[in-house]
Structure formats: structure tokens, C-alpha cells
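Some notes on the structure that comes next.
The values are calculated or read from the model by the stated rules, or taken from the named source; none is laboratory data. Every value quoted in this text rests on a predicted model; they were computed, and no experiment measured them. No Cβ is skipped: glycine too gets one built from the backbone with ideal geometry, and neighbour counts run over all protein chains shown.
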Amino acid sequence: MNLFLCALILLFGGSLIVLPIRKSSLAALLGTLTTVLATPLTGYVALKVLLSGQSLSLSLPWSVPGAEFNLLLDPLAAFFVLPISALSLFCALYAGAYLEHDGQTRPLTPHWFFFNIMVLAMLLVVTASNAVLFLAVWEIMTISSFFLVAWDHHLEDVRKAAWLYLLAAHVGMMLLIALFILAGRYCGSLNFSDFGLLAKLPLSIASLLFLLALFGFGVKAGLFPVHIWLPDAHPAAPSHVSALMSGVLIKTGIYGILRILSFLPPAPAWWGWLMALLGAGGAVYGISMAAQQRDIKRCLAYSTVENIGIIFLALGFGMVAVTGGHPTIALFTFAGGLLHLWNHALFKGVMFLGAGALLHATGTRDMNHMGGLLRRMPLTGLLWIGGSLAIGALPPLNGFISEWLIYIGLAQAGTALEGYAALAPLLLFGLLGLVGALALVTFSRLIGICLLGQPRNSTVACAQDTPPIMLICIGCLLTGCLAIGTFPQGALRLLMKPLSQVTRLPIGEELVQAVAPLGQWNLMLLASLVVLAGLLVWLRHLRPLAQAATWGCGYRFPTARMSYTGEGYAGFASQHLLPGVMRPEVSGGKVCGLFPPPTALAQHSTDPVLMRFLQPIFVAIAERCQWLHWLQQGKMPIYLVYIFVTSVVLMAWSIWAGGHGGG
Amino acid sequence: MANLLLITVILINFFTLGSARLVACIRAVAVQGALLSLLPLVAHGMSGHALILGTGALIFKGILIPWLLLRAIREARIRREVEPYIGFVATLVLGALVTAGAFIFADFLPLAQEHHEGLFVPAALATMFSGFLLLITRRKAITQVLGYLMLENGIFIFSVLLSVAIPLMVEAGILLDLLVSVFVMGIVLNQINREFSTLNTERLTALKE
């Protein structure tokens, strides 16, 4: 634990040291150095806890009423500390090169200060074992990530996105405060170690606490109906920040739910069903929205909603299985969900960092302006394709393993249960299949439109490949994906301890045995793919082909405007598969008359939950509250009267409460 | 002896509430601060702690801040408070009402036995409320600074009551806080004066959203 504390102090000290520095290069150096020194330490400690299963704890004096500075690094916390450490390390290394150009025009000091603070806060969030400490670091995490999202605050879109994020995060925070106050009142203490008393709660209050946790943490996690901030904030933030937020920051929401569930009494089935249904809805919704986005980072953000949905589906169904007394099924789905959480951190890191590399080279996030980038940035393109394979859950990469575990769990449930009860898991199985198919559409579209074909404008045509340090970071993450894909036993052995803590079930060797042949198959597949690719390259070398423009359609002088667009590719999915509410808005494109004039067609996809559901509600509330405006008179004496009246009322109340024995 | 001091303090409250001349008001508050600096000595006897507290209060409240304020009004060339939001007589009546209220309220408070006897708690409350009234009713920024000072004086009386319990650091913190805030107010005063060529705070309404 001392090592862990050292790393925390290092992060804190590092962020303070950066503060007075005005020179960008020095700030970047120190900021990177801090993370690079601190995160291997935390990662090492987490790995040790995961292997040994022994919790570490630390208690320091803290002079805040009701609070104690208690840290607890148990297997569940270590399960989250590991990806946080790994991803932060690579994101920090990547950021140095990514922001270099930005640093020439303005100091990078605030960025590095908030970056290190955010890493520190994430590490503290998953290890804090006192409610006050937890809420404090949770808030610090929100604020620091808000400033990172708002890094390009000269753009109005970015300001709006950051504002939406802050607003959503604080609505979630309100629920969390209510949750911890309720729990604290019941247990008489705000230490997590005393929250064990919650296990004796009657079901109604426990359900209330569960719902508060589900939606309070769900806002951060990007759970389906409350994911609204996510599709705007991820494109707005710098790419490595999006990677870190999408990869691990939102996972702290899942951590919170798992932690609270570990205190509550054994879950009734409907808790699990609720989580699974919201998850399934989120997965379908997220991926179908992702298939329509032109903005590559927005597409990835929706894919985050999808993956979080899959994780929730797995965890929720696992809870159902635990309640129903099917330990094997529960183990498979839980293991799949938890492994998918790690996997998502890895491949979403690859995808966002890769998208950042494309953005860095071309200066645009619009896929309709890219094209032909695989020829110009071969290494970046290759890594990005690897990431897409992983995220599309294709073998031999890691996404396949975790989704396979979930499929196995659902299929087993379908055969083990009897009668109509078997219908639900099979339905979820089908939905998951649909999600997988749409994910293939989404990511083949992402690769096809961005990397293949011909460049669609001159900036893209002369794009240069990414700086090596950025490539190395992406490459390391992709290697992690490959490693889990070909050697899943190792990852599952690390998962054992947190898995048994979450499910409260004994774990045998069946999981490892189930995935071991899968790893071998993946390895063979990888080897044969490599051999096949080598063969093809060799053949191509022997007999070079005449090269023509992709999608040139046999024209003599093809132009890039003739090639497929992102909308065209997703046209089938968006026009035939999706319900009307989720279709993008189309403007223009009407052709009339015998000799029609030039006309334009534009498609715009907004978030239907935000635009058609939440925004009208909040606008209506805001209109109802217009009359409160008269309180704001703009005169100082009036405001002072408010303070005066408040203090008088408080004094009177204190006497009244004292008279009734309350105070 | 302590009660005599406190009654004088309350009378000074009334004087400040009822007076239109700024210089007189500043002097009155200065005298109030100086009287209060005697209070720790009177209440707790001659001890090192009380001495430090008294000297600090005298320097800040009795000398430094009034001097700053006098200089400020000399530079801004204003002498009188005109057209307060609420008239002087009305303010005085209100002041009397809140003072009476403070005395009644203090009776209800669950205080330690030795604090029930003296005038400390009611005087502290009355001074705080008078300061508040001054803040609310006056237009000129400088009188509002005075109101703020008076509020701090009220807090100071409270802290004397507890000065055995409160560590010196906290006292020093309060004094420092006071000084800094007066400095900030001074800067704000200057800015208001330069921007609107008057010290009336009502023009700040233009800053409303």
C-alpha cells in the first residue's frame, strides 16, 4: 500500500509542480513524466492484489467531519486500477506528441495539471472506502475531466458539450449524495467497512438504494437513457482524453454500481432484469446511432454506449442467474462482462487514439472528407483496422473472447431454463447478435470510408504518417488486445478474485478450461492469417496489377465526389432497419422539373433521447421557472436582505429545534 | 467593566446608523474597534494571548483600516451619505428593533451558565445585525465597507467569548481575512469610482445578467 500511496503523492506533486510553468514543452515533459512514473507503480500493486487476492488498506487522519481518509485496495478495486494505470500511461505518452502543435500557441500547463489530477482522482475513486472521501474525489474527477473536455474552449460546440457533461454529471451527483446519505443514516457511519449493515435492509429500501445507484452512477457510465452527455463530450475532448474517458473514466460508474451491490442484500431478479434490459436497449441503440455518424469520434462515442450496454447486459443477466441458482451461467456471463470491460478499455483506447492520429494528420473528424488514408498512413491505418476487428468482436482478438463468454452464458441459460423462462435469454442472445452485425457494419464503414478509396480533398491527399511515439502507444494497446485474444486464460486467471468477490460464488477451473482451446484456435487463426497475407503480398509482388481509382466505376476521369459516402454506406441500415425516431434528419435533395438546378442534400444525426425526450422536458421546466427571475434584482442591498432574512430564519429555527429537543 | 464597554459599543452602533457624515462614521467605527481591542484584556485578564489579540485588533480595526478608509474618501472627495434606501430615522428604529431582538434571542440560547450573565452574546448579535442593516440600507460603497467592519466587530465579540477555546491561529485568520477583504473592497471602490464617477453601488445593477 505504501507503493500505491507513493504513486498518489507523486501524481499530486507532479500536477502541482506543473502549475507555475509557462513553457509548454517543459510542462508536457513534467506532466508526462509524472504519469509515466506513477502509473506503473499503481499497476504493479493492482496486479499483485489480483494475483494474491489479499486486500491492502490504508487509513490516514483527515479533519473533515464524518470523514476518514480510508483507502481499500481489494480485488474489485484492483480490477479497475489496472486498466486505469495502463491506459493513463499510454494516453500520457501519446498526449505529448498530440498536443505539441497546440503547445506552440498556448501554454499546456492547465492540460497537464488537470490530466494528472484526473488520473489521481480516478485511482482514488476506486480505492476510497469512505463515502465523504468517495464523493469528494468523484467530484474532483468530474471537474478535472470537465476542464479537459473544454480544452478547445474557443469553439462554441466544445463549450456546449462540456456544459452538457457538467450538467449531466451533477444530476448524477445529486442522486449519489442522496444514496450515501441514506446509506450513512442507516448504518450510522460513512465508512464503507460499516456499510455491511445494509445487507439487513428491507427489500423496498434496498431497491430504492439500488435505483439511486443505478441511475446516479449510470449517468457517468453512459447507461442508455442517461447517456446523453457522452456523444457530445467525446468528440469535443482531445483524443487521448476521449480515450481515457471512454476507456476507464466511465467505467468508474460501473465500479460504483458493483460496489453498492456488494453492500446490498442478495439481489431480487428484477434488479438484474432491469440492468440487462437497459443494457440491451443501450447496446442496440448505441450501435445503430454509431452506424449513422459522419464524425468519426462521435461514432466511437456511440460505440461506447453500445459496449457499456453489453457490459450491463452481461452483469444484469449474471445477477438474474445468481438469484435463479445457476452458478455456472452466472460465472460465464459475469466473467464475460468483466472481461469485456477490460477489453473495451484496450480497444477503445486503440480506436480513439487512432482517430486522434487521423485528426492530427488531416485536421478533420468528418469521414466524408477523408479517404485513401491507408496508403498515406499505412501503420496508423493497420493499427486502426486491428482495433476495429477487436471492437467488432472478431477473432483472433479480445472482443471475441468476452462476447463469446456472454453468448455461452445466454445460450446455456436458454437450454437450462424451462418453458417461457428460456425465451428471455434467447431473446437477449438474438439482440446481442443483431448488435454484433450492426457493429460490423459500423466499423467496416469507418474503415472503408476513412482509410480506403481516394482522398476527398487536398489536405487529406498530402497527409503524413503519425509520429512514432503515438504509433507505439496505439501499438502497445493493440498488443494487449492480441494478447488477451490469443491467451485468454491469463486474463481470466487475473479475473478470478474480483469475480468471486462480485458474484459471491466459488470459482473452479471450468472458466479457464472453457476459453483455453479458444485461445489456441485464435493463435492458429492469427498464424494462418499472417501466412496468408505474406503469400498474397508475395503473389502481388510477382504479378503487379494495373492500379485504378477505387470506385472509379470505369470512368475516364473519376473524381472523389463519385465515391461512396458514409451516409451512403449506412443508408440501408438507417432507412430500412431503424425506427423512424432514430433516423437522421435529411434536408434538401428534392429534384423537380425537367431541367433541375443544382441541389444539395444534407443529413444530420442528433441524439433522439436528448433532442426529442429530455430537451423538451427541461425546456418546459425552465419556462415554468421563469417567474423566479424576479429574485434576481441586480441590487446588492436586496441580496444582502436575502442573507439577512436567511440568517434570521435559521436562528429562529435553531431555537425552535432546540425547544423541541432536536438540536 | 466589560458590560460598560459593550454598552458603549452598542451606542456606537446607533450613532453610526443615524449619522450621515462619513468621516464621523469612520471615526466611530474606529473607536468601536479600539474599545473592542480592550475587551480580551478585560474579559480574560492580562495574559499573553489576550495581549496579542488586543494589540492585533487595535492595529487593524482601530488604526490601519480607518486610515485606509479616510484616505479613500479624501481621494474620492465625498463627505456625506445622501439618499439612503431607508431614511436615517427609520434605520435607527430598525436598529433599535434588531437590538431588542438580539437581547430576546440571546435569552433563548442554550448557553453555558457563565455566559448568560454578561452582555457578550446580545451585544455581539446586535452589532452584527447593525452592521447588516448598514450594509443593506446605504448606497455609498464606503458605508457598506463600514457595515462590513461592524459585522466583523460583532464576530470579534463572539470570538472573545470563546478566545480560551479558539486557537490563536483562528483569530489571526479572522483579522487577516478582514484586512484582505477591506483591501479588496478598496480596490472595488476605486474601480466603481473610476468607472461610474460615483461611489453609489446602485449603478452596479448594470452588471445584472
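Looking at the structure I just gave you, is residue B:90 modelled with pLDDT under 85 and more than 10 Å from chain A (Cβ to nearest Cβ)?
No, not satisfied.
Return the residues of the range A:609-663 that are among the charged types (D, E, K, R) and either assigned by TED's automatic domain parsing to the domain that holds residue A:232 or farther than 30 Å from residue B:138 by Cα (or both); say none if nothing qualifies.
Passing the criteria: A:612, A:623, A:624.
Just to be sure before I move on: is residue A:545 among the aliphatic types (A, V, I, L, M), in a loop (DSSP other than H, G, I, E, B) and more than 14 Å from chain B (Cβ to nearest Cβ) in the structure I sent?
Judged against the criteria, residue A:545 is a match.
Which pairs do you get when a residue that is facing another protein chain (nearest Cβ under 8 Å), found in the range B:127-140, comes within reach of a residue that is of a type in the set (Phe, Trp, Tyr), reach meaning Cβ atoms under 6 angstrom, with the pair 6+ apart or on two chains?
So the pair list comes out as B:132/A:644; B:137/B:85.
Is one or more of the residues making up the range B:32-49 in contact with a Phe, Trp or Tyr (Cβ under 7 Å, 6 or more places away or on another chain) and closer than 22 Å to residue B:142 by Cα?
Scanning the range B:32-49 turns up at least one residue that is in contact with a Phe, Trp or Tyr (Cβ under 7 Å, 6 or more places away or on another chain) and closer than 22 Å to residue B:142 by Cα.
Is there any pair with a first residue in the range A:481-500 that is under 9 Å from residue A:75 (Cα atoms) and buried (at least 23 other Cβ atoms within 10 Å of the Cβ) and a second that is modelled with pLDDT under 90 and of a type in the set (Val, Ile, Thr) whose Cβ atoms are under 7 Å apart and which are 6 or more apart or on different chains, and what are they?
Within 7 Å, the pairs are A:499/A:507.
What single numbered condition from (1) more than 29 Å from residue A:287 (Cβ to Cβ); (2) polar (S, T, N, Q); (3) surrounded by 15 or more Cβ atoms within 10 Å (Cβ to Cβ) fails to hold for residue A:565?
For residue A:565, the failing item is (1).
What pairs come out if I take residues in the range A:363-385 that are over 22 Å from residue A:479 (Cα atoms) and among the hydroxyl-bearing types (Ser, Thr, Tyr) and pair them with residues that are in a loop (DSSP other than H, G, I, E, B) and modelled with pLDDT of 85 or more whose C-beta lies under 9 Å away, six or more apart or interchain?
Listed pairs, sorted by first residue: A:364/A:370.
Among the helices (runs of 4 or more DSSP H) confined wholly to the range B:20-81, which include 1 or more residues that are free of Cβ contacts under 8 Å to residues at least 60 places away in the same chain and β-branched (Val, Ile, Thr)?
Answer list for the range B:20-81: B:22-44, B:48-57.
Among A:359, A:353, which is aliphatic (A, V, I, L, M) and either surrounded by 24 or more Cβ atoms within 10 Å (Cβ to Cβ) or not assigned by TED's automatic domain parsing to the domain that holds residue A:280 (or both)?
Only one candidate passes the filter, namely A:353.
Here's the yes/no breakdown for (1) in contact with an Asp or Glu (Cβ under 9 Å, 6 or more places away or on another chain); (2) β-branched (Val, Ile, Thr); (3) outside the structural domain of residue A:83 (by TED's automatic domain parsing); (4) modelled with pLDDT of 90 or more:
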| residue | (1), (2), (3), (4) |
| --- | --- |
| A:210 | no, no, yes, yes |
| A:214 | no, no, yes, yes |
| A:223 | no, no, yes, yes |
| A:232 | yes, no, no, yes |
| A:239 | no, no, no, yes |
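Given A:108, A:51, A:33, which one is farther than 30 Å from residue A:464 by Cα and assigned by TED's automatic domain parsing to the domain that holds residue A:194?
A:51
Which residue out of B:101, B:95 is closer than 21 Å to residue B:18 by Cβ and either away from chain A (no Cβ under 12 Å) or at pLDDT below 75 (or both)?
B:95
What tally of residues in the range B:1-20 results from selecting those that are touching a strand residue (DSSP E or B) at 6+ places or on another chain (Cβ under 6 Å) and hydroxyl-bearing (Ser, Thr, Tyr)? Spell out the reasoning first.
Pass one, the range B:1-20, residues touching a strand residue (DSSP E or B) at 6+ places or on another chain (Cβ under 6 Å): B:20.
The next check asks that each one be hydroxyl-bearing (Ser, Thr, Tyr); those that pass are none.
Total satisfying the criteria: 0.
Please work out if residue A:105 is over 18 Å from the mean Cα position of the chain (by Cα) and in contact (Cβ under 8 Å) with a residue 40 or more places away in the chain. Write out each step before concluding.
Details: over 18 Å from the mean Cα position of the chain (by Cα): yes; in contact (Cβ under 8 Å) with a residue 40 or more places away in the chain: no.
Judged against the criteria, residue A:105 is not a match.
Would you point out the residue of the range A:626-642, among those that are of a type in the set (A, V, I, L, M), more than 7 Å from every other protein chain (Cβ to nearest Cβ) and closer than 26 Å to residue B:98 by Cα, that is surrounded by the fewest Cβ atoms within 10 Å (Cβ to Cβ)?
First pass over the range A:626-642, keeping only residues of a type in the set (A, V, I, L, M): A:628, A:631, A:636, A:638, A:640-641.
With more than 7 Å from every other protein chain (Cβ to nearest Cβ) added as a condition, the list becomes A:628, A:631, A:638.
Still in the running and closer than 26 Å to residue B:98 by Cα: A:631, A:638.
Working: A:631: 9, A:638: 14.
Checked the range A:626-642; the qualifying residue surrounded by the fewest Cβ atoms within 10 Å (Cβ to Cβ) is A:631.
Return a yes/no flag: does the range A:591-605 have any residue that is of a type outside the set (A, V, I, L, M), touching a residue at least 24 places away in the same chain (Cβ under 8 Å), surrounded by 15 or more Cβ atoms within 10 Å (Cβ to Cβ) and away from chain B (no Cβ under 14 Å).
yes
Please list, ordered by residue number, the helices (runs of 4 or more DSSP H) wholly in the range A:397-481 having 2 or more residues that are farther than 13 Å from residue A:317 by Cβ and modelled with pLDDT of 90 or more.
A:398-416, A:423-451
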